[in-house]
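Here is the structure we will look at.
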Amino acid sequence: MNCYPKVKNSNYHFKYLILGIFWMHLSIISKASPISGKIILNSEKQIYNLASEMLIYKDSTKQMNIDMASCEHCPIFFKKNNGNELHNNHSKDQYWYKIKIENKLQSVKTMFLEFSNSTIPYLTLFIKKSGRIYEFPTTGSLLPFNTRKIENSKFCYQLDLLPNEELHIYAHINPMGDALNTPVYLYDSISFTKKASWESSINGIYYGLMFLIISLSLILIISFTSLTERSNFYFIGIITFFTLWNASLDGLAFQYLWPTTPLLTNACIFILPMAGIILLSLFAEEKNQNNIYSMFLYNFKIILSGIIVLFIIYTLVFKLSLIKIHTFSIILGCAHLAVTFISWYYHVKEKPQNSRLFISLFSTITAWLIIITLKIYTNILPYTFYYFSFKIFLGLQAFILTIAVISQMRVKYTKVYSDTIATLDKEVTDKETEIQKKIVEIQTINNDITSINNILHKQQVELKTKDEQLTNSIAYVKNIQKSITPTINSSLKFEKQLFVLHKPKHELFSDIYYIKQINNSLYTAILDCSGSGVPGSVFATMAYNILHRIISSEHNYETDEIINLFQKDLLE
């Protein structure tokens with residue numbers, strides 16, 4: 001496979017020769033010694049660390065080109081690289097690296113060259129072979145993903161070496177002011193395939209777990225909490241922003257999110273961590289209107305968050321240098337984290353069950369900031385440490401934040417459960433009180449019914465007594481009426497001329513007849529009295545006695561006299 005797409009003419013111009021002689025004189029004056037890095041391939045070794053053998057030249061004038069870099073008469077341009085990685089400081093300088101690779105084997109050897117840093121802004125690779133220079137297209141994190149010869153999160157190139165062939169590798173890196181630590185490895189095809197498969201598996205598992213955490217947390221939040229609880233969604237934002245940031249640093253954002261828009265990814269490298277820090281400061285924040293410290297810290301964090309947002313906008317518009325962006329980002333991030341720690345301190349005083357989680361989270365973030373600071377300003381720690389530490393600390397933060405959210409849910413639902421139990425107890429107590437009132441009312445009604453029954457019984461007895469008395473009275477009056485009611489018998493002189501038809505409607509009657517024989521005179525009368533029952537019978541008896549008294553007197557009254565006397569006595 002021919003992996004060298006562009007050929008440059010290797011005949012140098014006279015001016016480059018003169019320039020080379022000039023640089024040679026400078027090297028003699030500075031007492032520098034030419035050094036030439038070289039790697040020899042053999043059948044035993046599968047992976048080579050090229051960074052420790054590469055030669056480096058720092059191009060401050062930005063005038064260096066491949067013709068000058070590959071000039072064999074100007075070896076003083078380069079010096080031996082110190083360390084196992086290529087280190088670029090925060091500056092506007094550009095860097096050239098070179099190394100020789102020689103195949104001592106008697107067969108064609110296919111190797112893969114990898115610059116193991118996904119955030120190199122611009123990288124151009126040149127290969128000098130048999131006096132001719134082949135140029136690969138310029139690629140980098142500021143260029144679309146399809147500019148890479150091999151689609152990988154890092155920068156990989158395939159090299160085909162014939163038996164006993166020697167290649168001169170030249171790499172031109174423009175850091176654009178960023179501080180870079182870049183390991184450089186050379187793999188054979190088997191090792192490169194295993195490495196790519198291993199990295200894909202690790203990234204797949206890692207980002208799969210992060211996606212699972214985000215998805216499950218979102219499901220838990222939607223299912224078991226109120227949508228108005230902002231702290232839970234702060235948690236989702238924190239995990240999402242930091243995960244996307246880590247993906248951008250890994251170079252994966254090019255492949256999966258926006259492969260043709262690298263500027264967006266580079267902007268997100270600054271925006272995502274700042275957004276995550278802002279949401280982190282607001283996470284589990286409870287604005288207590290009655291606590292002046294809580295209100296002050298909350299408002300101060302809002303103001304500081306606004307400053308961060310303005311700083312991000314200013315950075316994107318005016319394109320500050322990376323050293324300024326990194327410095328201000330670290331300062332704002334540390335200030336925000338300090339305020340966050342103070343607010344957490346007050347928060348865990350009120351809710352101590354979350355204190356360990358917040359302390360662990362703060363420690364993790366502090367360690368992360370320290371590592372980021374070391375990465376930006378020094379080359380103390382290797383790139384692989386940065387690479388894995390970001391994932392480890394982000395995973396720890398996700399785990400701690402998840403535990404914190406679950407703890408908040410547990411505290412909330414414990415409180416909800418307690419409030420529900422208290423409400424049910426109150427309802428039961430109210431029902432019992434109501435039942436007791438009903439029982440008292442029922443007892444009062446029963447007592448009233450008992451009293452009424454007693455009164456009715458008493459009245460029944462009285463009525464019975466009165467009934468007996470009335471019955472006796474009626475019987476007595478009946479006997480009186482019976483005793484005074486005259487009968488026709490043989491003692492009457494006019495017996496055969498008389499008959500009586502008396503059929504009263506009731507036992508007691510108010511209509512009574514009178515028959516009295518005195519000497520040869522027979523007195524008869526019918527007394528029709530008003531009324532009925534006992535009053536009528538009493539009145540009839542009284543009238544009968546008045547008439548009997550008048551007729552039975554010694555005076556021999558005429559009928560009209562009897563009537564007048566009867567009326568007179570009756571009215572008196």
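The values are calculated or read from the model by the stated rules, or taken from the named source; none is laboratory data. Every value quoted in this text rests on a predicted model; they were computed, and no experiment measured them. Neighbour counts run over all protein chains shown; Cβ positions are idealised from the backbone, glycine included. The accessibility values were calculated without ligands, DNA or RNA, using every heavy atom of the protein model including side chains. Shrake-Rupley method; radii C 1.70, N 1.55, O 1.52, S 1.80 Å.
When N counts the residues of region 501-553, how does its alpha-carbon radius of gyration compare numerically with 2.2 N^0.38 Å, as a ratio?
The reported ratio for this selection is 1.20.
List the longest stretch of the chain that has no exposed loop site; here a site is one of the chymotrypsin sites (Phe, Trp or Tyr not before Pro) assigned by DSSP to anything other than H, G, I, E or B, with at most 12 other Cβ within 10 Å. Before the final figure, lay out each step's value.
Working: sites that count: F494, F499.
That would be 1-493.
Which entries of K45/K391; K154/K194; K80/K319; K128/K194 show an alpha-carbon separation above 25 angstrom in the structure shown? Intermediate results must be reported in sequence, preceding the final value.
Working: K45/K391 30 Å; K154/K194 15 Å; K80/K319 34 Å; K128/K194 29 Å.
In this structure, K45/K391; K80/K319; K128/K194 lie more than 25 Å apart at Cα.
Placing one identical point scatterer on every Cα of region 419-480 and ignoring solvent, what is log10 I(q)/I(0) from the Debye formula at q = 0.19, 0.20, 0.21, 0.26 Å⁻¹?
Results for region 419-480 at q = 0.19, 0.20, 0.21, 0.26 Å⁻¹ read -0.79, -0.82, -0.84, -0.96.
Tabulate in residue order the Karplus-calculated ³J(HN,Hα) for region 385-402, using 6.51 cos²θ - 1.76 cosθ + 1.60 with θ = phi - 60°, rounded to whole Hz; enter x for Gly and Pro.
5, 4, 4, 7, 5, 4, 5, 5, 5, 5, x, 5, 4, 4, 5, 5, 5, 5
What dipole magnitude, in Debye to the nearest 20, does the chain give about its Cα centre under +1 on Lys/Arg Cβ and -1 on Asp/Glu Cβ?
With only Lys, Arg, Asp and Glu charged at Cβ, the dipole is about 3580 debye.
Could you give the accessible area per residue of region 236-317, probe 1.4 Å, as a whole number in Å²? List each step's numbers first, then the result.
Values: 3680 Å² over 82 residues.
Per residue, region 236-317 has an accessible area of 45 Å².
So between T261 and I303, what do we pick up on full extension, going 0.36 nm a residue minus the alpha carbon distance?
11.9 nm
May I ask which residue of L522, L508, N203 lies farthest towards the positive end of the charge dipole of the chain, with charges of +1 (Lys, Arg) and -1 (Asp, Glu) on Cβ and the Cα centre as origin?
N203
Treating the angle as unsigned and between 0 and 90°, give the value, to the nearest 10°, between the Cα long axis of helix 189-224 and the longest Cα principal axis of the chain.
That helix lies at roughly 20 degrees to the long axis.
Given the C-alpha atoms of region 339-488, compute the convex hull and give its volume per residue in Å³. Display every interim value, and only then the final one.
Details: hull volume 24.1 nm³, N = 150.
It comes to 161 Å³ per residue, whole-number rounded.
At a Cα cut-off below 17 Å, give the aspartates and glutamates reachable from K109, other chains included and same-chain residues fewer than 8 away excluded.
Excluding near neighbours in sequence, the set is E44, D160, E165, E166, D188.
Averaging sequence separations of C-alpha pairs under 8 Å and six or more residues apart, then dividing by the length of the chain, give the relative contact order as a whole percent.
10 percent
Which value, to two decimals, describes the C-alpha radius of gyration of region 146-271 once divided by 2.2 N^0.38 Å?
1.43
Accessible area per residue for region 143-185 in Å², computed with a 1.4 Å probe and the full protein assembly in place, what is it?
30 Å²
Using the reciprocal of the averaged 1/r over all distinct C-alpha pairs, how large is the Kirkwood radius of the chain in Å?
The answer is 34.2 Å.
With all protein chains present, how much of the accessible area of the chain (probe radius 1.4 Å) comes from carbon and sulfur, to the nearest whole percent?
Here it works out to 62 percent.
So who's got an amide H within less than 5 Å of the one on D59, skipping anything under 5 residues away but keeping other chains? H placed 1.01 Å off N, in plane.
Placed amide hydrogens put Q94, Y95, W96 under 5 Å from D59.
Would you grab the residues whose amide H sits under 5 Å from the one on F155? Only those 5+ places off in sequence or on another chain, please, with H modelled 1.01 Å from N.
Amide H neighbours of F155: F115, N117.
Out of every Cα pair in region 37-175, what percent are spaced more than 19 Å from each other?
Looking at region 37-175, the distances longer than 19 Å represent 51 percent of pairs.
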